[in-house]
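Computed from the coordinates by the stated procedures, all read-outs in this text should not be read as laboratory data. Everything numeric here is computed off the predicted structure, so don't read it as measured data. Backbone-built Cβ (ideal geometry, glycine too); neighbour counts: all protein chains shown.
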Amino acid sequence: MQAREIVKSFGSREALRSVSFEAGAGELMAIIGPNGAGKTTLLSILAGISKPDSGDVHLPGGAVGWVPQQAALYRRLTVEENLLLFARLERHEDPRASTEEMLELTGLSERRGEIVARLSGGNQQRINIAIGLLSRPVVLLLDEPSVGLDPRQRARLWEFVSGLAGRGTTVIFSTHDIQEAERYGGRLLVLADGEALFDGSPEELREAVRREAPEAADRDFETAFVAYLHHRGH
Amino acid sequence: MRWLLLKDLQILRRSPLQAALLVLYPILIALLVGLAISRDSDKPRVAFLNQVPEGSRVVVGGAKLPSVGVDERICSRVECVRVKNRKEAEEEVRSGDVLAALIIPADLVNRLNSLSTLNPRTPRVEVMVNQEDPVKAQLVNDRIESLLAQANLVVARRIAGEGGRYLDLLVNGGQFQVLGSSFQILGLQTTASILTSLRPALPAGPLRTSLDQVIEFADVSQENLDVAGPLIERLTQPIEVDKKVVSGSSPPLEVFAISVAATLTLTFVVLLLVAGSLALEREENAFPRLSRGLISPTGLLGEKVLLGVGVGFLVTLTMLGGLQLFVPLQWDRVGLWLLAILFGAAALGAAGAALGAAAREVRAVSLLAFMVSLPIAFLSLIPSGAVGSGLFDAIEAITALFPFKPTLEAMTSALDSAGDGIGGPLLHLAILAAAYGLLARLALRRFAAV
């Protein structure tokens, strides 16, 4: 996936300022930055929901899966009904088989008949991701997927997502949890006020933080990162 | 589209309270409206106590008039609730079971008879009303005044009729009954004939001149009294109403009641369902996911309108079937009903889609739908002449922008074989459906914002 000089404004506010990056097959890329940095806007443009004012996105052949921050599913339907509905809307040849596959993948086979509204936030997020995976995407976009999950649920989520990347799916996720990005992201894109400040590995980001904010280099990574943003004028 | 339709029906089925409310509430309202309008026809319930002794008659010129059938006449115009005494009548009014009580006192006939004596006493009837609200008070006053005007007219006509009979006897002669005895009245006409036949036998002179004067008086009296009879008749009702319908045809009250009930049902079901189910797509954050090539915005709107039309169609037809219990319907016009329901539901569905696309939450959109539809329904039922012409023009313009009134007109035309054509309202609804569809499509752009 390749994004070139993406610009997006909402009225007089510039949400994205000429943002560019590339992500290869099997790569797990984290988009990090403070609230209002433009993470969700960038993901929605990559997902094709919003259109950029200028710049373009090149997608590899195949589908792009998208998992919005808030679970996009019908809470009054069961787990199985949700998956079956979206499999049918995706025009799968055998929607029931695809549903079974996703139930297996997410480990929710036992709870297939339960109304989604009665499930925990973690399980709702698993269904949310499973729906995003129904199209068997080559690129999966996740918007703050771990928000609201407890540590155990987070661990299961990242185990699942890492497995997808391991099978060749390009995974791009946004988060404002720096430690999570450092732990799971193979590559980090730092956004602040719509501007791409950094694009590289977690180690390269640590190096950049040490270089630009040496006074905070010995402190924890999150504190050092905030100092780095401050040095960069954000 | 069909899978989304199936999903919406599943969600509806899974919310039994909501589904029951959606269906039962409008049906209940519709039935209540239907009952209220058809019940409050030209026969209000009135407690009735006639204390006049059996066999009492109004006497004119010493002769008893035949019975005018007061009970039958009054009870043909109102639904009479017979009561035994004054206290019972008062209780019926106080409890609200009847609109008013009408008590005809025992001395009414005596008082009527006293009108032709030197000591006349005004005949009176007693009316009890429960003026708990101004609208009801006005209604009661109008009904009672109308009823008394009718009663006065009946009595006046009967007296005038008797007067006319006496005049006829005076002019043309005949048998006259007084206190069981029969007399032969000569009459002016016969008198003049007898005198005319006697005239040649008298020699010319003062006696003959006097006879000529008597004959002339008899002729002139006869001619003028011939005119007096019809004149007395006319005095009882000097002015008659010559009614011409210059615009609109008033449907029978029960047809109008059914149309109102059906249109209210259709409005609430379709508007709430379409607006609510569209807002639900946003509330569940599903729209951005759907809009990624799974369904087009126009397809989504079409699915919601189809859902509203389908459910509204079934509910309205069921309600019409239920109303058949109260009022007979013309089932040979069922094709036109279906057309009216379909066009009405489509326009209301498009309006619901526009509302649903404008709001973010199901609760907000439900409130919005009520806030829009209730005043519009109320305004649509205001007849011309009830308010000033300028205000009525404004009401006409406002109600023309919403599908309630054209749906009501289409339903009325479909149900009433003597009514106006259905083409105009259907065209109006088609235009509104297109306009609201366009508005909904534009509003849906806001939906996509993440």
On a 0 to 90 degree scale, rounded to 10, what angle separates helix B:206-236 from the longest Cα axis of chain B? 20
Relative contact order for the range B:40-173: what is it in percent, counting Cα pairs under 8 Å that are at least 6 residues apart? 28
Rg/Rg_ref, the protein assembly as shown, where Rg_ref = 2.2 N^0.38 Å and atoms are Cα: 1.66
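Treat the count of other C-beta atoms within 10 Å as a stand-in for reagent exposure and order A:ARG96, A:ARG156 from fewest to most. Write out the running numbers ahead of the final one.
Details: A:ARG96 13, A:ARG156 17.
Neighbour counts put them in this order, fewest first: A:ARG96, A:ARG156.
Contact order normalised by length for chain B, with contacts defined as Cα pairs under 8 Å and 6 or more residues apart; what percent is it? Working shown, then result.
Values: 570 pairs, mean separation 73.2, N = 450.
Here the relative contact order equals 16 percent.
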In whole angstrom, the spacing between the Cα centers of the range B:155-183 and the range B:306-364 equals 65
Rank these for me by crowding, B:ASP212, A:ASP220, going from fewest to most other beta carbons within 10 Å. A:ASP220, B:ASP212
Can you compute the equivalent ellipsoid semi-axes for the range A:68-136, i.e. the square root of 5 times each eigenvalue of the Cα gyration tensor, sorted largest first and rounded to whole Å? 17, 12, 11
Shape parameters for the range B:70-205, alpha-carbon atoms, Rg then Dmax in Å: 24.5, 85
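At 222 nm, what helix-only mean residue ellipticity would chain A give, in deg cm²/dmol to the nearest 500, using -39500 (n - 2.57) for each DSSP H run of four or more? Before the final figure, lay out the partial values.
On the way: 8 runs with 89 residues, N = 234.
One gets -11500 deg cm²/dmol as the mean residue ellipticity at 222 nm.
Shape call for the range B:333-444 from the C-alpha gyration tensor, a ≥ b ≥ c root eigenvalues: rounded (a/c under 1.5), prolate (a/b greater than b/c) or oblate? Show your work: numbers first, answer last.
Values: a/c = 2.07, a/b = 1.28, b/c = 1.61.
Taking the square roots of the gyration eigenvalues as a ≥ b ≥ c, the range B:333-444 is oblate.
Divide by every residue of chain B the summed helix terms, -39500 (n - 2.57) for each DSSP H run of at least 4, and state the resulting mean residue ellipticity at 222 nm, rounded to the nearest 500 deg cm²/dmol.
Values: 16 runs with 299 residues, N = 450.
The helix-only estimate for chain B comes to -22500 deg cm²/dmol at 222 nm.
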Please work out the Cα center distance from the range A:92-138 to the range A:152-216, rounded to the nearest Å. 26
Given the C-alpha centroids of the range B:371-450 and the range B:92-124, what is the distance between them in whole angstrom? 50
Straight-line reach only, C-alpha to C-alpha below 16 angstrom: list the aspartates and glutamates that B:LYS84 could link to, leaving out same-chain residues fewer than 8 apart. B:GLU54, B:ASP71, B:GLU92, B:ASP97, B:GLU126
Specify the angular offset, from 0 to 90 degrees and rounded to the nearest 10, of the alpha carbon long axis of helix B:362-380 from the longest principal axis of the alpha carbons in chain B. 20
Footprinting exposure proxy for B:GLU216, B:GLU90 (fewest neighbouring C-beta atoms within 10 Å first): B:GLU216, B:GLU90
Would you mind checking the tilt of helix A:79-89 against the longest principal axis of the Cα atoms of chain A, expressed as 0 to 90 degrees and rounded to 10? 80
Name the residue farthest towards the positive end of the dipole of the range A:68-136 from the options A:LEU133, A:GLN70, A:THR99, assuming +1 on Cβ of Lys and Arg, -1 on Cβ of Asp and Glu, about the Cα centre. A:GLN70
Rounded to whole Hz and in sequence order, give me ³J(HN,Hα) for the range B:5-14 from the Karplus expression 6.51 cos²θ - 1.76 cosθ + 1.60, θ = phi - 60°, writing x for Gly and Pro. 4, 4, 4, 4, 5, 4, 5, 5, 5, 7
